[in-house]
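Remarks on the structure that follows.
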Amino acid sequence: MAEWICRTLRDGGLEGEHAPALTINDTISCPLGSFVFDHILSQLSSFIFCQKSQSNGIVLVALSRSPLYYEQLLKSKGFDVVTSSTWFKILDCCTDPLGWRSKLVDSGSIRNLSSGSSLTVNICKNVKNLDELFSSIIELGKELSGDGKGRFTVAIDSVSSLLRHTSVSSVAALLSNLRSHDIVSSLFWLLHLDMHETRATAALEYMSSMKATIEPIIQSVDGPRGNSENLSLMEQNLRRGKFCVRVKRRNGRVRMMFEELSVEKSGIKFTPLSSEDEMTAQSLVPKVQFNLQLSEKERNDRAKVVLPFEHQGNGKTIQIYDGRKSLNDDKAEPQHTSVPKVDSNRGEIIYFRDSDDEMPDSDEDPDDDLDI
C-alpha cells in the first residue's frame, strides 16, 4: 500500500488535472510520520534518479529539519550528493525562518549563515511571506526542469511549522496553488494532527487527494493499571503503528486501505495487518444503541416469510391483494384476501383494505387529501 502511494506520486497527474497530493498525519501517541515522509522521499528520489518518474526532480521545503539531515539521508540510500544538484534542491526554511540570524550576521554578532550541507540549498528568511515562498519553490522547480517544460515534485517536511507563523487559509492557498500549477507533478507534506484544531486539519486534508494517518495499534489503558501499562504501550507505539490510507478517486468514491508499519534498524517496514487487526480496521459499522446485524435465527425467520408477490409453488391459483375492489366483486361484500398458508412454520403477511370507496380505475389521486 505504501508502495502504491509512491507509484501514484511518481506517475503524477494527467494534463489538465490537479497534481496528486498526499497528507501524512501523525500524533504524539504514535509519532512515526517523519519516518513515512523519509521513506516516500527516498522512493521518489530513486524513481527520479533512474528516470522512471514523470517529474525531473524534487524541491524539498525543509521547515523542521536542517539540510544536513537530508544530506545524510541521501548518502544512506546510496546517492551521490555532489551530482544530486541536477535533480534535488532544498529550500531551507529551518536555519533562519524569520531572518533573525541574518541580522546578527549583518551586525557582526555571528560569522556566517550556513546550513553546513554540501547540497544545493537556498535559504528562506521569511516563512510568513507565503507568496515569496511560492515563487521560490517555482523558481527552483524551473531550474530542475531545464527547458521549462519538465515537471517536479514538491515535498514539505512540516506544514505544522508553517501554521505557527501563518493562517490556515494562507497555507491552504499555498498548497492549492502548488497543486494546480502546470509544472508541479505531485506534492506531499507532513502534518501533526494534535497540534491543530479540527477545522485546520480538515481544510488541509481537503486540499489532498490521499491521506495517510499513522495510528497506534495498541491503545492506552485506563484505570488503576493504566499508568504502569501505558509506559510500555507508549514505547511500543514508538516502533510500530497502523498505516491507514484514504484515497479519493476520480469518480468521487473513497477507498480505504490498512497496513502495519514498524521501524527497524534497516529502515521502515510495511506488512499486512493481522487478521484480528484487519477485521477491526475494516469494520465501518458505527457504534449505536440498536443492532444493525441479524443473527442466524433472525435470517432463517426472515427467509420463511412468504411475500404477497412471491410464487408459493403449491399448484393453486395465486391470489394477491391489489389494494382495491375486484371488478367481479363490485356488488359483493368486500372480503379481505390474504396469502394462503402453505406451512405451519412459515410466516404470513396479511393486508387489510383501508377504504372501500376507491374504484379500480379511478383517476382520482389517492393523495389529494393529504395535508403536506
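What follows draws every value from the coordinates through simple rules; no lab data is involved. Bear in mind that the values here come from a model prediction, so they are computed numbers and not experimental data. All Cβ positions, glycine included, derive from the backbone under ideal geometry; neighbour counts span all protein chains shown.
Things to note:
- Value of Rg to Rh for region 1-72 (Rh from inverse mean 1/r over Cα pairs, i.e. Kirkwood): 0.98
- Here the 3J(HN,Hα) profile of region 247-264, calculated from phi with Karplus coefficients 6.51, -1.76 and 1.60 at θ = phi - 60°, is 10, 9, 7, 5, 7, x, 6, 10, 10, 10, 9, 9, 8, 10, 10, 9, 9, 10 Hz, Gly and Pro shown as x.
- Here the 3J(HN,Hα) profile of region 151-168, calculated from phi with Karplus coefficients 6.51, -1.76 and 1.60 at θ = phi - 60°, is 10, 9, 9, 10, 10, 10, 7, 6, 5, 4, 5, 5, 5, 6, 10, 9, 7, 5 Hz, Gly and Pro shown as x.
- Separation of the alpha carbons by more than 21 angstrom is noted, of Lys75/Lys211; Lys242/Lys269; Lys103/Lys128; Lys142/Lys248; Lys128/Lys248, for Lys75/Lys211; Lys142/Lys248; Lys128/Lys248.
- Taking every DSSP bridge with both residues inside region 2-282, close to 45 percent are antiparallel.
- A cut-off of 5 Å between modelled amide H atoms, ignoring neighbours fewer than 5 places along the same chain, links Gly347 with Val305, Val306.
- Applying the criteria of a DSSP loop state and at most 10 other Cβ atoms within 10 Å to the trypsin sites (Lys or Arg not before Pro) of region 119-198 yields Lys149.
- Net lengthening on full extension, Arg239/Lys269 (0.36 nm per residue, minus Cα-Cα): 9.8 nm
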